[in-house]
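Report on one structure; see the data block that follows.
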Amino acid sequence: MTRTIIDVHALQTVPPSNLNRDDTGSPKTAVYGGKTRARVSSQAWKRAIRKHFREETDSIDNGDLGRRTLEIVDTLAERITKLDSSLAENAVSLANEAFKAAGIATKVKTKKGQDPKPPVSDYLIFLSNRQYDKLAEAIVAGEQSGDKPTKKALKDIIKDDHSIDIALFGRMVADMPDVNVDASCQVAHALSVHEVANEFDYYTAVDDTKEDAAETGAGMIGTLEFNSSTLYRYATVDVDLLRDNLGDDVATTRAVVAFVESFAKSMPSGKKNSFANGTLPDTLVVSIRDSQAINYVGAFERPVKEGDLSRLDQATKTMGRYAEKLAESYDMHPQASWYLHTGEVEGAKVFGEKLSLPQLLGRLEEAVSQRVGQE
């Protein structure tokens with residue numbers, strides 16, 4: 001069997017921003033190569049990718065996606081009611097009974113003086129929209145026939161027909177390890193290719209009702225921490241595992257293409273209204289490998305410094321040189337590789353053929369489709 005691994009590398013310049021905060025409100029950082037770097041966590045960018053799937057990607061509809069929530073009972077109850085309005089009054093209890101029968105614990109959270117709310121799960125549960133629909137269909141059919149679905153039948157629904165985002169990012173249910181899904185993609189923490197020092201924005205807000213009066217001064221003052229950086233971003237997709245999770249060649253190819261598109265176009269939303277920091281990668285490299293995934297972050301252990309080239313172009317050149325030496329040293333060359341680059345760095349040619357993003361996604365779709373079909 002031919003292995004198929006997709007590596008995605010991006011260099012992206014972000015202006016003053018606070019994309020991903022720590023518990024004190026400061027932009028996250030990490031020490032790499034002995035220097036402090038800007039950092040955006042893997043979780044933050046995976047969340048942005050999933051959001052892009054829902055809101056911006058034309059190739060994926062709602063049925064291909066899932067929902068991660070504590071409010072699993074209410075979510076299922078809505079679908080039961082939609083299928084059979086006569087069950088509306090009992091929908092919450094039917095949904096709760098179904099999840100308990102399947103092995104997922106729920107509990108009721110009620111505050112004093114408030115009406116009881118639908119039960120919630122003990123932890124976030126990630127289920128596909130199709131799984132919710134099939135659970136609702138099984139429950140409604142059982143109520144109409146008097147033959148309620150068995151525990152095995154309910155669990156089988158949860159174990160099958162995974163959404164694209166579950167197949168990519170995985171699912172863990174501590175109490176039900178047999179329904180866990182191994183993630184087929186890995187997303188690295190984004191790191192700046194250079195040293196950073198966080199800065200502070202001292203801001204004031206004027207009280208509109210007093211700005212024309214004799215009273216002077218701000219209605220509010222505060223500080224906001226930020227930095228700006230050129231980030232190296234990396235992710236990899238194990239297409240073979242993705243195919244196992246989805247069970248369908250066409251869905252697998254569609255998922256890979258959608259992931260690469262959303263990886264390129266997504267942006268964590270932290271403080272976006274304060275900074276309007278939406279950018280796109282200036283360099284994007286997509287490679288197909290048949291051995292193992294390779295992260296190029298080692299190219300930036302020594303921080304990139306400005307010279308005759310811009311920091312971004314210098315980073316692109318540095319990454320190209322590193323990739324070439326790594327491939328020669330280990331004799332591990334990609335099976336295919338394409339790149340997008342907004343500059344004119346000659347060193348980028350090592351990454352293969354220069355294309356626009358639509359062209360690159362088209363080549364990727366064709367290549368993945370052929371390789372998945374060989375299995």
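The values are calculated or read from the model by the stated rules, or taken from the named source; none is laboratory data. The structure presented is a predicted model; accordingly, all values stated were derived computationally and were not measured. Backbone-built Cβ (ideal geometry, glycine too); neighbour counts: all protein chains shown. Accessible surface areas use protein heavy atoms only, side chains included; no ligands, DNA or RNA. Shrake-Rupley method; radii C 1.70, N 1.55, O 1.52, S 1.80 Å.
Here T236, T223 are screened, and the one residue that is exposed (fewer than 15 other Cβ atoms within 10 Å of the Cβ), in contact with a strand residue (DSSP E or B) (Cβ under 8 Å, 6 or more places away or on another chain), not aliphatic (A, V, I, L, M) and not in a loop (DSSP other than H, G, I, E, B) is T223.
Would you point out which residue out of V31, V14, V40 is under 30 Å from L224 (Cα atoms) and under 18 Å from the mean Cα position of the chain (by Cα)?
Working: V31 fails: under 18 Å from the mean Cα position of the chain (by Cα); V14 fails: under 18 Å from the mean Cα position of the chain (by Cα).
Step by step, each of V31, V14, V40 is checked, and only V40 is under 30 Å from L224 (Cα atoms) and under 18 Å from the mean Cα position of the chain (by Cα).
Every residue in the stretch 298-320 that is open to solvent by 50 Å² or more (accessible area, probe 1.4 Å) and at pLDDT 95 or above, please. Residues satisfying the conditions are E301, R302. Each residue in the stretch 182-192 was checked for being in contact with a helix residue (DSSP H, G or I) (Cβ under 7 Å, 6 or more places away or on another chain) and open to solvent by 60 Å² or more (accessible area, probe 1.4 Å), and 2 of them qualify. Can you give me the number of residues within the stretch 7-37 that are touching a helix residue (DSSP H, G or I) at 6+ places or on another chain (Cβ under 6 Å) and open to solvent by less than 10 Å² (accessible area, probe 1.4 Å)? Total satisfying the criteria: 3.
Look through G320, G270 and report the one residue that is under 17 Å from the mean Cα position of the chain (by Cα) and more than 24 Å from E366 (Cβ to Cβ).
Numbers: G320 fails: under 17 Å from the mean Cα position of the chain (by Cα).
Of G320, G270, the one residue that is under 17 Å from the mean Cα position of the chain (by Cα) and more than 24 Å from E366 (Cβ to Cβ) is G270.
Quick one: would you say S291 is among the polar types (S, T, N, Q) and farther than 27 Å from L65 by Cβ?
On the way: among the polar types (S, T, N, Q): yes; farther than 27 Å from L65 by Cβ: yes.
Yes: the conditions hold for S291.
In the set E199, E195, only one residue is surrounded by 12 or more Cβ atoms within 10 Å (Cβ to Cβ), more than 30 Å from E56 (Cβ to Cβ), in contact (Cβ under 8 Å) with a residue 40 or more places away in the chain and in contact with a Ser or Thr (Cβ under 7 Å, 6 or more places away or on another chain); that residue is E195. Considering every residue within the stretch 19-27, establish whether at least one is in contact (Cβ under 8 Å) with a residue 24 or more places away in the chain, over 30 Å from V108 (Cβ atoms), of a type in the set (A, V, I, L, M, F, W, C) and touching a Pro at 6+ places or on another chain (Cβ under 8 Å). Yes; the residues of the stretch 19-27 include at least one that is in contact (Cβ under 8 Å) with a residue 24 or more places away in the chain, over 30 Å from V108 (Cβ atoms), of a type in the set (A, V, I, L, M, F, W, C) and touching a Pro at 6+ places or on another chain (Cβ under 8 Å).
Condition first: in contact (Cβ under 8 Å) with a residue 40 or more places away in the chain, aliphatic (A, V, I, L, M) and surrounded by fewer than 20 Cβ atoms within 10 Å (Cβ to Cβ). Now tell me which residues in the stretch 346-375 satisfy that. Show your work before the answer.
We begin by selecting, within the stretch 346-375, every residue in contact (Cβ under 8 Å) with a residue 40 or more places away in the chain; these are 348, 351-352, 357, 360-361, 364-365, 367-369, 371-375.
Filter once more, so that each one left must be aliphatic (A, V, I, L, M): 348, 357, 360-361, 364, 367-368, 372.
Selection gives L357, A367.
Listed conditions (1) in contact with a Lys or Arg (Cβ under 9 Å, 6 or more places away or on another chain); (2) at pLDDT 90 or above are all met by F99, apart from (1). Tell me yes or no: at least one residue of the stretch 73-81 is farther than 30 Å from N20 by Cα, touching a residue at least 40 places away in the same chain (Cβ under 8 Å) and open to solvent by 30 Å² or more (accessible area, probe 1.4 Å). Scanning the stretch 73-81, I find at least one residue that is farther than 30 Å from N20 by Cα, touching a residue at least 40 places away in the same chain (Cβ under 8 Å) and open to solvent by 30 Å² or more (accessible area, probe 1.4 Å), so the answer is yes.
For first residues located in the stretch 175-188 and free of Cβ contacts under 8 Å to residues at least 60 places away in the same chain and farther than 16 Å from D160 by Cβ, partners that are part of a loop (DSSP other than H, G, I, E, B) and open to solvent by less than 30 Å² (accessible area, probe 1.4 Å) and lie 6+ apart or on another chain with Cβ distances below 6 Å form the pairs A183/G170. Test T253 against the stated conditions and say whether it is assigned to a helix (DSSP H, G or I), in contact with a Ser or Thr (Cβ under 8 Å, 6 or more places away or on another chain), over 30 Å from P27 (Cβ atoms) and open to solvent by less than 60 Å² (accessible area, probe 1.4 Å). Yes.
I'd like to know if the stretch 129-142 contains one or more residues that are modelled with pLDDT under 90 and of a type in the set (K, R). Among the residues of the stretch 129-142, not one is modelled with pLDDT under 90 and of a type in the set (K, R), which makes the answer no.
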